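*Asks:* Below is one structure. I have some questions about it.
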Amino acid sequence: MALSPETTGDATIVRATGELDVSTVPDLRRCLYDVVAEGARHIVLDLSEVTFIDSTTLGVLVSVRNRLQPARGRLDLVAQHPAVLTVLRMTALDRVFTVHSSLAEVTPRSPTEPSAP
């Protein structure tokens with residue numbers, strides 16, 4: 001698993017590759033928490049090159065979303081792999097997060113626009 005954060009416009013894009021599971025999720029958590037601590041309010045987690053996620057990954061996503069909420073921030077996901085999309089659908093997290101099929105679909109949001117429930 002590799003992580004690569006980069007700030008573009010109003011969003012911080014974190015690109016992940018490989019598998020996100022109990023053995024790799026501590027690095028993901030640390031990376032995303034650091035991005036939030038640095039003041040990011042819009043994080044896009046690009047999972048385009050991720051082939052597997054487990055429940056520990058889902059816990060990190062929810063935790064990061066909760067950390068962003070007081071600042072009216074948001075966490076968007078980019079996912080394409082069928083296994084990743086299936087897990088998000090089965091857990092109904094595709095209704096909690098905005099899931100895009102590509103980075104090109106992600107649109108910036110005004111800081112005063114409310115975040116999704």
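*Asks:* Does the range 1-28 hold any residues that are part of a strand (DSSP E or B), exposed (fewer than 15 other Cβ atoms within 10 Å of the Cβ) and of a type in the set (D, E), and which are they?
*Replies:* E6
*Asks:* Of the residues that sit in the range 12-36 and are touching a residue at least 12 places away in the same chain (Cβ under 8 Å) and of a type in the set (S, T, Y), which one is farthest from A79 (Cα to Cα)?
*Replies:* Y33
*Asks:* While we're on this one: For the range 29-47, indicate whether the set of residues that are in contact with a His (Cβ under 6 Å, 6 or more places away or on another chain), more than 17 Å from V84 (Cα to Cα) and either at pLDDT below 95 or in a helix (DSSP H, G or I) (or both) is non-empty.
*Replies:* No: zero hits.
*Asks:* Out of (1) part of a strand (DSSP E or B); (2) exposed (fewer than 13 other Cβ atoms within 10 Å of the Cβ), what's the single condition that is false for F52?
*Replies:* The one condition F52 does not meet is (2).
*Asks:* Could you list, in sequence order, all residues of the range 1-13 that are of a type in the set (A, V, I, L, M, F, W, C) and in contact with a helix residue (DSSP H, G or I) (Cβ under 6 Å, 6 or more places away or on another chain)?
*Replies:* Selection gives L3 alone.
*Asks:* Taking the condition under 11 Å from the mean Cα position of the chain (by Cα), more than 22 Å from R89 (Cα to Cα) and without any contact (Cβ under 8 Å) to a residue 60 or more places away in the chain, does T8 pass?
*Replies:* In short, no.
The values are calculated or read from the model by the stated rules, or taken from the named source; none is laboratory data. Since we're looking at a predicted model, the values are computed, not measured. Cβ: placed from backbone, ideal geometry, glycine included. Neighbour counts: every protein chain shown.
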